[in-house]
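J.: Attaching a single structure in structure tokens format; questions to follow.
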Amino acid sequence: MWESNERSNCKLTKKVYITNSSGGAGKDTFASMIDKYIPTLKYSSIDLVKEMYEYIGIEREPKDEKKRKLYSDTKDILTRYDDIPFKDIASVVEDFKNGRFDDSKVLFIDIREPEEIARAVEVFGAKTILMKNPKVEKITSNHADANVEKYEYDYIIENDGTLKQLEKVAKIFVHDIICENHIPDNHKPFTLTCSKF
């Protein structure tokens, strides 16, 4: 594992990335690897919904298709009612940009729905990351999970290798993309394939 003294010392303005994948593809692991180099905060557009259900005794784990659909349907209802999930994300982004999360320099926000991703990109000036894993079966029990790939992402991480290879890709992402302020080509996503490292 990487030591804390390997943290990047690049001069960096705060950056927001919208992350997406099918469940179990490796988003959380990738974010924790990025955090070993640059202080990183991770949030999900579904976190507020999960907290609501935890309050009445429905635990986050274990995840199953029934629970995923419950979360997705509830988020839809709250969105139609008063745009509550997006307002929640906007509050987190504002706190992040105002330095209310210690020394965090990177914010990863998980959002599933393509229309919500597009809105977040426009409102927050975010870039987008899709994590793909051929070893994980795609989830189709709800529209949010089923439509994960129906967006043109800036970056794609092909998580098709070992954990060690994913660590190498995370390091490259930090130094070559985050620190160097890499601008993706508007016509095609920039792809990092784990099995090549």
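J.: Skip the ligands, DNA and RNA, and give the accessible area per residue of the chain with a 1.4 Å probe, whole Å².
T.: Numbers: 10680 Å² over 197 residues.
Spelled out: the 1.4 Å probe surface of the chain, per residue, equals 54 Å².
J.: Please list, ordered by chain and number, the residues whose modelled amide H lies under 5 Å from the amide H of ILE156; skip anything fewer than 5 residues away on the same chain.
T.: LEU130, PHE190, THR191, LEU192
J.: Multiply the residue gap between GLU149 and ALA90 by 0.36 nm, knock off their C-alpha separation, and tell me the result in nm, one decimal place. Don't jump to the answer; show the numbers that get you there.
T.: On the way: separation 59, 0.36 × 59 = 21.24 nm, distance 2.35 nm.
Contour length minus Cα-Cα distance gives 18.9 nm.
J.: Between the stretch 153-197 and the stretch 41-95, what is the separation of their alpha carbon centroids in Å?
T.: Here the answer is 28 Å between Cα centres.
J.: Could you please state how large a percent of the accessible area of the stretch 63-197 is carbon and sulfur, counting protein chains only and using a 1.4 Å probe?
T.: Ligands and nucleic acids excluded, carbon and sulfur reach 49 percent.
J.: Hey, what do the phi angles of the stretch 181-197 turn into as Karplus ³J(HN,Hα) couplings, whole Hz, using 6.51/-1.76/1.60 and θ = phi - 60°, x for Gly and Pro?
T.: 6, 4, 9, x, 5, 5, 9, 7, x, 8, 10, 10, 10, 4, 5, 8, 10
J.: What's the percent breakdown of Cα-Cα distances in the stretch 74-197 across 5 Å bins, shortest bin first?
T.: 2, 9, 16, 20, 20, 17, 11, 4, 1, 0
J.: Next question, about the same structure. Looking at the stretch 32-76 from every direction and averaging, what is the projected area of its Cα convex hull in nm²?
T.: Average projection, Cα convex hull of the stretch 32-76: 4.0 nm².
J.: Please work out how much accessible surface HIS182 shows to a 1.4 Å probe, ignoring ligands, DNA and RNA, in Å² rounded to 10.
T.: 60
J.: Okay, next question. Could you tell me which residue out of CYS10, LEU48, PHE101 lies farthest along the dipole of the stretch 1-129 toward its positive end? Charges go on the beta carbon: Lys and Arg +1, Asp and Glu -1, centred on the Cα centre.
T.: Going by the Cα projections, it comes out as CYS10.
J.: How much length is gained if the chain between ASN181 and MET52 is pulled fully straight, taking 0.36 nm per residue apart and subtracting their Cα-Cα distance, in nm to one decimal? It would help to have the intermediate numbers written out before the result.
T.: On the way: separation 129, 0.36 × 129 = 46.44 nm, distance 3.70 nm.
42.7 nm is the gain from fully extending ASN181 to MET52.
J.: Please state, to two decimals, what the Cα-based radius of gyration of the stretch 133-197 comes to when divided by 2.2 N^0.38 Å (N = residues). Write down the numbers at each step before the final one.
T.: Details: Rg = 13.5 Å, N = 65, 2.2 N^0.38 = 10.7 Å.
Expressed relative to 2.2 N^0.38 Å, the Cα Rg reads 1.26.
J.: Using alpha carbon coordinates only, what is the Rg to Rh ratio of the stretch 54-113, with Rh defined as the Kirkwood radius? Write out the running numbers ahead of the final one.
T.: Working: Rg = 14.2 Å, Rh = 13.6 Å.
For the stretch 54-113, the value is 1.04.
J.: Still on this structure, I have one more. So for the stretch 104-166, what percent of the C-alpha to C-alpha distances run longer than 20 Å?
T.: When every Cα pair of the stretch 104-166 is considered, 34 percent fall beyond 20 Å.
J.: Which value in nm describes the separation of the simple spin-label points at ARG119 and LYS168, placed 7 Å from the Cα toward the beta carbon?
T.: Calculated label separation equals 4.1 nm.
J.: What longest range of the chain stays clear of loop-exposed GluC sites (Glu not before Pro) (DSSP non-H/G/I/E/B, at most 15 other C-beta within 10 angstrom)?
T.: Details: sites that count: GLU3, GLU59, GLU137, GLU149, GLU152, GLU180.
Result for the longest clean stretch: 60-136.
J.: Label point 7 Å out from ASP28 along Cα-to-Cβ: which residues of the stretch 61-80 have amide N under 11 Å?
T.: 61-63
J.: Same structure again: Rounded to the nearest 500, what is the 222 nm mean residue ellipticity of the chain from helices alone, with -39500 (n - 2.57) per DSSP H run of 4+ residues and division by all residues? Mind dumping the intermediate values first?
T.: On the way: 7 runs with 75 residues, N = 197.
Result for the chain: -11500 deg cm²/dmol, rounded to the nearest 500.
J.: Taking loop as defined by DSSP and a crowding limit of 15 other beta carbons within 10 Å, which trypsin sites (Lys or Arg not before Pro) in the stretch 45-103 fit?
T.: On the way: sites: LYS50, ARG60, LYS63, LYS66, LYS67, ARG68, LYS69, LYS75, ARG80, LYS87, LYS97, ARG100; in loops: ARG60, LYS63, ARG100.
Passing both the DSSP loop test and the Cβ count: ARG60, LYS63, ARG100.
The values are calculated or read from the model by the stated rules, or taken from the named source; none is laboratory data. Please read all numbers here as calculations on a predicted model, not as lab measurements. Neighbour counts run over all protein chains shown; Cβ positions are idealised from the backbone, glycine included. Remember, those area values only see protein heavy atoms, side chains included, never the ligands or the DNA or RNA. Shrake-Rupley method; radii C 1.70, N 1.55, O 1.52, S 1.80 Å.
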